[in-house]
Amino acid sequence: MTDNTHVRPEPTGTATAAARPGPGGARRSRGVDPRSVALVAVFTALLVAAAVVPGIPVGGFGVPITLQTLAVLLTGLVLGPGRGGVAVLVYLLLGLVGLPVFSAGQSGLQVLSGPTAGYLVSFVVAAVAVGLAARTVVRRVRRALWVPLLVVAAVVTSVVVVHALGVAGLMVNLKLPLSAAIGADLPFLPGDLLKAVVAVVAAVAVHRAFPDVLVRPARRRA
């Protein structure tokens with residue numbers, strides 16, 4: 001007797017690979033998140049705009065009062081540590097490669113040897129630090145406590161990060177003793193504390209209006 005049963009050929013090559021799900025099922029390839037890119041670009045532009053606003057000269061060391069600290073804190077509070085840090089880093093890189101995006105139109109690597117160097121370096125650290133605090137508070141704490149907790153985080157970040165590194169920069173680049181560097185920095189402190197409060201109020205308004213900026217919905221697994 002002859003066996004007339006039709007035998008299916010085994011799929012080969014690409015077809016076989018496509019038919020087999022990878023470990024844990026089918027996975028989507030990770031690409032660049034367009035929304036994150038847009039947010040980083042918007043807040044980088046905000047940092048540039050804050051530096052363009054003319055500063056108020058204070059003392060004789062060439063460090064003006066500007067809106068940059070406000071913009072840096074707001075960036076970290078809204079975007080969180082990752083995207084906030086990237087936005088500030090992009091801003092600094094734009095200035096260091098020669099674009100006049102620093103206060104008073106300064107640019108280039110020479111700013112790292114000037115009186116504002118410590119403050120500029122502190123901006124990335126400050127955005128990451130306050131961003132970590134914002135992400136924790138917004139995700140885990142009830143809304144009624146957002147403002148007081150974030151004000152504390154922003155004030156501590158301003159004093160411990162921005163002002164501490166600013167004082168260090170004055171000591172290194174201007175060869176000032178610690179007492180003189182602190183004295184040069186003190187006039188900026190009251191304004192920066194006010195900026196911290198303003199940044200928190202603005203950031204909380206953003207998070208209440210757009211609750212998924214830091215709290216992202218869980219991705220479905222295939």
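The values are calculated or read from the model by the stated rules, or taken from the named source; none is laboratory data. All values reported here derive from a predicted model rather than from experimental measurement. Positions of Cβ are generated from backbone atoms using ideal geometry, with glycine treated the same way; all protein chains shown enter the neighbour counts. These accessible areas exclude ligands, DNA and RNA; they are computed on the full protein's heavy atoms, side chains included. Shrake-Rupley method; radii C 1.70, N 1.55, O 1.52, S 1.80 Å.
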**Prompt:** Just wondering, is there one or more residues in the stretch 144-164 that are surrounded by 13 or more Cβ atoms within 10 Å (Cβ to Cβ), part of a helix (DSSP H, G or I) and more than 20 Å from the chain's Cα centre (by Cα)?
**Reply:** no
**Message:** Suppose we keep only residues that are of a type in the set (Val, Ile, Thr) and without any contact (Cβ under 8 Å) to a residue 60 or more places away in the chain within the stretch 128-143. Which one would you say is surrounded by the most Cβ atoms within 10 Å (Cβ to Cβ)?
**Reply:** VAL130
**Message:** So the check is Cβ under 7 Å with 6+ separation or different chains; which pairs have a first residue in the stretch 103-126 that's over 21 Å from ILE182 (Cβ atoms) and a second one that's of a type in the set (Phe, Trp, Tyr)?
**Reply:** VAL111/PHE102
**Request:** Return yes or no: is ARG216 at pLDDT below 95 and either touching a Phe, Trp or Tyr at 6+ places or on another chain (Cβ under 9 Å) or of a type in the set (D, E, K, R) (or both)?
**Result:** yes
**Item:** Failed criterion for THR136 (all others in (1) in a helix (DSSP H, G or I); (2) in contact with a Leu (Cβ under 8 Å, 6 or more places away or on another chain) hold)
**Value:** (2)
**Request:** Inspect the stretch 184-191 for any residue being loosely packed, with under 14 Cβ neighbours inside 10 Å, more than 25 Å from the chain's Cα centre (by Cα) and among the small types (Gly, Ala, Ser) and give the result as yes or no.
**Result:** no
**Item:** Residue list for the stretch 87-111, restricted to those being buried (at least 17 other Cβ atoms within 10 Å of the Cβ) and part of a loop (DSSP other than H, G, I, E, B)
**Value:** VAL101, PHE102
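The rows are residues; the columns are (1) modelled with pLDDT under 95; (2) open to solvent by less than 30 Å² (accessible area, probe 1.4 Å); (3) part of a loop (DSSP other than H, G, I, E, B); (4) not β-branched (Val, Ile, Thr).
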| residue | (1), (2), (3), (4) |
| --- | --- |
| MET1 | yes, no, yes, yes |
| ASN4 | yes, no, yes, yes |
| ARG8 | yes, no, yes, yes |
| ALA15 | yes, no, no, yes |
| ARG30 | yes, no, yes, yes |
| PHE43 | no, yes, no, yes |
| VAL72 | no, yes, no, no |
